[in-house]
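Below: the structure, in structure tokens.
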Amino acid sequence: MLLQSLLFPTTPSIIVFMRKRPFIIPAAVIVFSAAVFSGCTSTVVSVGSSDPGEYFGVSDDSRAALVLDGEVCGEQGIVEDGTIFIPWSFVWDEIDAGFYYENDSGTLYYTGEDGELSWTANDENALVIRDEEAYVSAEVLTEYSHAEVSVFEDPDRAVIWKPDQEVGTVKITKDTALYSRAGDKGYLTDLEKGDEVVYLSDEDGFSRVSTDDGFTGYVKNDCIGELQSRTTGSANPASFDKISFGSTVRMIWDFIEFTSDNDYFDAMLANVSGVNAIAPTWYTLDNSGGMSSLSGAGYVQKAHARGIDVWPVISDLSIDADDVGRILGSRDSRERIISSLMAEADACGFDGINVDFEHVSEKDAPAFIQFIRELTAAAHAKDLIVSVNDYVPQYTGYYKRSAQIGACDYIAVMAYDEYTGSSKEPGSAASLPFVVQGIEDTLKEVPAEYLILGVPFYSRAWTQNFGEEECSSQALDMESARNFISEHNITPYLYWDKTCGQYYGTSTDDQARYSIWQEEEQSLGEKLKLVNEYSLAGAAAWRLGYEEDAVWTVWNEILT
């Protein structure tokens, strides 16, 4: 069970999983910058005020200021019986998305690999509900969050530094004052020789710094010592170790529509080489809060005989967003789904789980993250790898990839569907700039060693009938794409578009204009090179059966 020394004085409920594993903080994206930027959208600082209450924007003893990464936030906490409580929504957004408040049960959860903490509103020193909003005590965050959380009085305030940021620090070399503006203007507070402050920036002979008790202002450069650095954060008792695949991931998704499709495993892989993981689409959520299955133990046995690991997919594609939120927001439903997956793992002997939830709305993102944490805890107890599929961040920024990778082992960025069947104008399914941007945006939250690049084996072909404003498209496998090019006499007009990294061509007849951005071995190779360029964990392709044999030559030449 969790070490007694880790327990908060207000003892939470504890659920202990079977397997014991030491808590290891997962690697995170480090911000290499002297300046630290706050997630707060506004400040309430009264420039030049010597009144701390006015500086922190606190005029009521029932309110507490929140200072995040050196900036006073517009959002505030509340104070009850001398304890500062912080809105859970702010905690999830800005501090630690590991904390999940379930409204239906009135329970706050914090799930780790070796156990789970929980609190209810009866734990008055940990969680309170006011005006239908949950507030988490700063003491709980101090004890369990990986962020740095400190509390101060006069006025009440919580000073918070997000974890895993490399910040500059300096020591004050002589007694001085801190001012709100450069040039000894706007007294804020006194600094003493030996005080350590966070260095933020330089301005005309003055340094902008932040004190440990939450004041941010300016001090003369001749009052500070040599710039040092440290990484923010503290030990987190509810962390997840990573299970490594051990080599470059070379995965392919296998679309399984019927149970009988499993019987075609050997035929589908007859000409495939260089694949070491396969993800059959076996599991889907259902409206009852459970899941349906198309699994087959024989499929796993055949894959293992070829040296291929099996990471079956669980998806939400069979239900709409409202149902996804309802299901993931229910503790009972999450437990039922995860228990079913673990039973399937025992029965089939597969090696990992691939989560493909594409219908999660922004309001249900916290429940999605909680599902990943609970699933990973259960899966790791059976030594199963957990991977999560995400579209590029420009479409799903609210999926909070940094929180996902705080629990799961890998994230696959599905760097395709740039243009889709619902697009009103023609375009590529995955142009090279789109793929690059998807990687770079994802790397802002996910370390490269845990990121898998998802690439398409399909092209999107377009038809725009003359006299009609909108066009139609179809997703074509590689052979069908070549047939489309031939059928519509695009071949004479097909050329390599260096910018897109694809062959592009268009033609017309008496009825319509036809166009295609073709996916084939050369365009695929340009994408796969990015795995090595960005030192990613590997690649995954959608989907098995859409490729031509020439693909595997390029695949094996690039992915090592």
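Readers should treat all values here as calculations from the given coordinates under stated rules, not as data from a laboratory. Keep in mind that what you see is a predicted model, and the values were worked out from it rather than measured. A quick note on method: Cβ atoms are made from the backbone with ideal geometry, for glycine too, and the neighbour counts reach across all protein chains shown.
Here are some notes:
- Pairwise FRET efficiency - THR560 versus ARG336, Cβ, R0 = 41 Å, nearest 0.05: 0.50
- Estimated FRET transfer efficiency (ASP93, ASP266; beta-carbon r; R0 51 Å; 0.05): 0.55
- For the stretch 253-413, convex hull of alpha carbons as volume per residue, Å³: 109
- Per-residue ellipticity at 222 nm computed for the chain from its helices equals -6000 deg cm²/dmol, with DSSP H segments shorter than 4 residues left out and the rest contributing -39,500 (n - 2.57).
- Two tests apply to each whole DSSP H helix in the chain, Cα reach of 15 Å or more along its axis and mean Kyte-Doolittle hydropathy of at least -1.0, and the ones passing both are 331-348, 365-380, 432-443, 521-533.
- Pairwise FRET efficiency - ALA321 versus ALA550, Cβ, R0 = 41 Å, nearest 0.05: 0.55
- Cα coordinate range in the chain, projected on the principal axes (Å, largest first): 80, 53, 45
- Computed lengthening from SER59 to GLU226, 0.36 nm per intervening residue step minus Cα-Cα distance: 56.4 nm
- Across the options ALA279, ALA305, ILE372, the greatest Cα extent toward the positive end of the charge dipole of the stretch 253-413 (unit charges at beta carbon of Lys, Arg, Asp, Glu) belongs to ILE372.
- When peptides 380-393, 164-177 are ranked by their average number of other Cβ atoms within 10 Å per residue, the highest-first order is 380-393, 164-177.
- Shown for ILE558, ILE327, ILE278: other C-beta atoms within 10 Å of each C-beta, ranked fewest to most, produce the order ILE558, ILE327, ILE278.
- Take each peptide in 259-268, 403-412, 81-90, 120-129, count the other Cβ atoms within 10 Å of every residue, and average; sorted highest first, the result is 403-412, 81-90, 120-129, 259-268.
- About its Cα centre, the chain has a charge dipole of approximately 1240 debye under the convention of +1 per Lys or Arg Cβ and -1 per Asp or Glu Cβ, with nothing else charged.
- Among LEU294, GLY183, VAL58 the positive-end extreme of the charge dipole of the chain (Cβ point charges): LEU294
- Here's how it looks for ASP497: its modeled amide H is under 5 Å from those of GLN502, TYR503, TYR504, which are all 5 or more places away or on a different chain.
- Using only alpha-carbon positions in the stretch 48-139, the gyration tensor eigenvalues give semi-axes of 27, 15, 10 Å once each is multiplied by 5 and square-rooted (largest first).
- Note: relative contact order over the stretch 262-376, using C-alpha pairs below 8 Å and six or more positions apart, is 29 percent.
- Largest-first ellipsoid semi-axes for the stretch 445-489, taking √(5λ) over the Cα gyration tensor eigenvalues, angstrom: 33, 16, 6
- Alpha-carbon centroids, the stretch 347-378 and the stretch 202-246: separation in whole Å: 33
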